[in-house]
Amino acid sequence: MEDRVAVISIIVEDGEAVSSLNRLLHDYGEYIIGRMGIPYKKKNINIISVAIDAPGDKINALTGALGRVKGLTAKANYASR
C-alpha cells in the first residue's frame, strides 16, 4: 500500500486519556514526522496535531484507536497526493 501524508488532529478533554494517547503514539512512532501540542487553559483541553507519513491503513488504524480512547477525539486529514 502506498504511503500517505496526513495530519491527525486530537482534542484531549480528560487528562486520564494522556497515558493511552502517548502509548499509541509511541507504537506508531516510526511513521510520525512530528507533533505539536497546545494547552488551551480557558477550555481546560489540549489540542494536538500529529503529522504522519504512513500507509493509509496504518493512519486509519491509529486514528481509530485514538477515537476509541475515552476522553479524546481524533480526526485525520489527508494530503491530496
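The values are calculated or read from the model by the stated rules, or taken from the named source; none is laboratory data. Since the structure is predicted, the reported quantities are computational estimates derived from the model, not experimental observations. FYI the Cβ positions are ideal-geometry reconstructions off the backbone, even for glycines, and counts take in every protein chain you see.
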Filter segment 62-81 for residues that are farther than 21 Å from residue 13 by Cα and small (Gly, Ala, Ser); the one that is modelled with the lowest pLDDT is 80
Checked segment 35-49 for anything under 17 Å from residue 22 (Cβ atoms) and either of a type in the set (Lys, Arg) or in contact with a Phe, Trp or Tyr (Cβ under 9 Å, 6 or more places away or on another chain) (or both); matches are 35, 46, 47
Considering residues that are among the charged types (D, E, K, R) and either part of a helix (DSSP H, G or I) or over 30 Å from residue 80 (Cβ atoms) (or both), the number found within segment 1-45 is 9
Has segment 60-73 got any residue that is assigned to a loop (DSSP other than H, G, I, E, B) and surrounded by 13 or more Cβ atoms within 10 Å (Cβ to Cβ)?
yes
Flagged pairs (Cβ under 6 angstrom, 6 or more apart or on separate chains; first in segment 10-33, among the small types (Gly, Ala, Ser); second surrounded by fewer than 16 Cβ atoms within 10 Å (Cβ to Cβ)) are 17/71
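Any idea which residue in segment 46-59 is surrounded by the most Cβ atoms within 10 Å (Cβ to Cβ), counting only those that are among the aliphatic types (A, V, I, L, M) and in a strand (DSSP E or B)? Don't jump to the end; show me each part of the working.
Going through segment 46-59, the residues among the aliphatic types (A, V, I, L, M) turn out to be 47-48, 50-52, 54, 59.
In the following step, the residues that additionally are in a strand (DSSP E or B) were identified as 47-48, 50-52, 54.
Values: 47: 14, 48: 20, 50: 25, 51: 15, 52: 23, 54: 20.
Of everything passing the filter in segment 46-59, 50 is surrounded by the most Cβ atoms within 10 Å (Cβ to Cβ).
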Here the residues within segment 31-45 that are more than 19 Å from residue 78 (Cβ to Cβ) and either in contact with a helix residue (DSSP H, G or I) (Cβ under 8 Å, 6 or more places away or on another chain) or surrounded by fewer than 14 Cβ atoms within 10 Å (Cβ to Cβ) (or both) are 37, 38, 39, 40, 41, 42, 43, 44
Result of the Cβ filter at 9 Å on segment 60-79, keeping first residues that are farther than 19 Å from residue 47 by Cβ and partners that are modelled with pLDDT under 95 and outside any strand (DSSP E or B), at least 6 apart or interchain, is 78/56
